[in-house]
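Everything on this sheet refers to the single structure shown next.
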Amino acid sequence: MNHLLRRLTETWNAGDATAYAALFTDDADYITYFGLHLKGRQAIEDSHRELFKLPIKLDTPSAEPLIRRLSPEVQLAIVQGGSNGRPSIVSFAAVETAEGLRFAFFQNTRVSAP
């Protein structure tokens, strides 16, 4: 899982929408911090192709990710990070596929004061 999380940051910061989307399953659910629900790898790639035209870079995570194996094929990760100094908590579910471990679920939640 740590390798997949590193690749996520690398592909995002390189602005490579195709490589970024390849880290997700074909039918992945991807929920942005403002509540947009993208369905599937192609939707993730298409939306990030436009997003990566902006100067948004992922920050180094502020803590080690919490990673739990839920079953032999499913892992959960919770990462404290963000972009451009705006903190987020991001949840991932990853599954074993023929391509290797891939994200099937992504939820980004901005951290804000109550």
Quiz item: Can you give the Rg to Rh ratio of segment 29-103, both from alpha-carbon atoms, with Rh computed by the Kirkwood formula?
Solution: 0.98
Practice problem: Starting at the first residue of segment 6-19, write each ³J(HN,Hα) from the Karplus equation 6.51 cos²θ - 1.76 cosθ + 1.60 with θ = phi - 60°, in whole Hz, x for Gly and Pro. | Solution: 4, 4, 4, 5, 4, 5, 4, 5, 7, x, 9, 4, 5, 5
Practice problem: Give the share of C-alpha pairs in each 10 angstrom bin for segment 40-82, from 0 to the last occupied bin, in whole percents, shortest bins first. | Solution: 22, 28, 42, 8
Quiz prompt | Residue-wise HN-Hα coupling along segment 21-29, computed from phi with Karplus coefficients 6.51, -1.76, 1.60 (Hz; x: Gly, Pro) | solution = 5, 5, 7, 10, 5, 4, 10, 4, 9
Self-check item: Long-range HN-HN contacts of Tyr33 with modeled amide H, under 5 Å
Solution: Asn108
Quiz item: Amide H of Ala28: which non-local residues (sequence gap of 5 or more, or other chain) have their own amide H closer than 5 Å, using H built in the peptide plane?
Solution: Gly40, Arg41
Self-check item: For segment 59-113 versus segment 1-30, the gap between their alpha-carbon centres in whole angstrom
Solution: 11 Å
Quiz item: Hey, what do the phi angles of segment 85-92 turn into as Karplus ³J(HN,Hα) couplings, whole Hz, using 6.51/-1.76/1.60 and θ = phi - 60°, x for Gly and Pro?
Solution: x, 9, x, 9, 10, 10, 10, 10
Practice problem: For Val111, enumerate residues with amide H under 5 Å from its amide H, sequence gap 5+ or separate chain, H modeled in the peptide plane. | Solution: Ser88, Ile89
Quiz item: So what's segment 17-58 giving for Cα Rg divided by 2.2 N^0.38 Å, two decimals?
Solution: 1.09
Practice problem: Give the residues of segment 15-33 whose amide nitrogen is closer than 15 Å to a point set 7 Å from the Cα of Ser83 in the direction of its Cβ. | Solution: 15-21, 30-33
Quiz prompt | Whole-number accessible area per residue in Å² for the chain, which is evaluated in the context of all protein chains at 1.4 Å | solution = 57 Å²
Quiz item: In the chain, which longest range has no trypsin sites (Lys or Arg not before Pro) that are both DSSP loop (not H, G, I, E or B) and surrounded by at most 14 other Cβ atoms within 10 Å?
Solution: 58-114
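The values are calculated or read from the model by the stated rules, or taken from the named source; none is laboratory data. Computed from a prediction, not measured in an experiment: that's the story for all the values here. With ideal geometry, Cβ positions are generated from the backbone for all residues, glycine too; neighbour counts draw on all protein chains shown. Please note that ligands, DNA and RNA were not included when accessible areas were found on the heavy atoms of the full protein model with its side chains. Shrake-Rupley method; radii C 1.70, N 1.55, O 1.52, S 1.80 Å.
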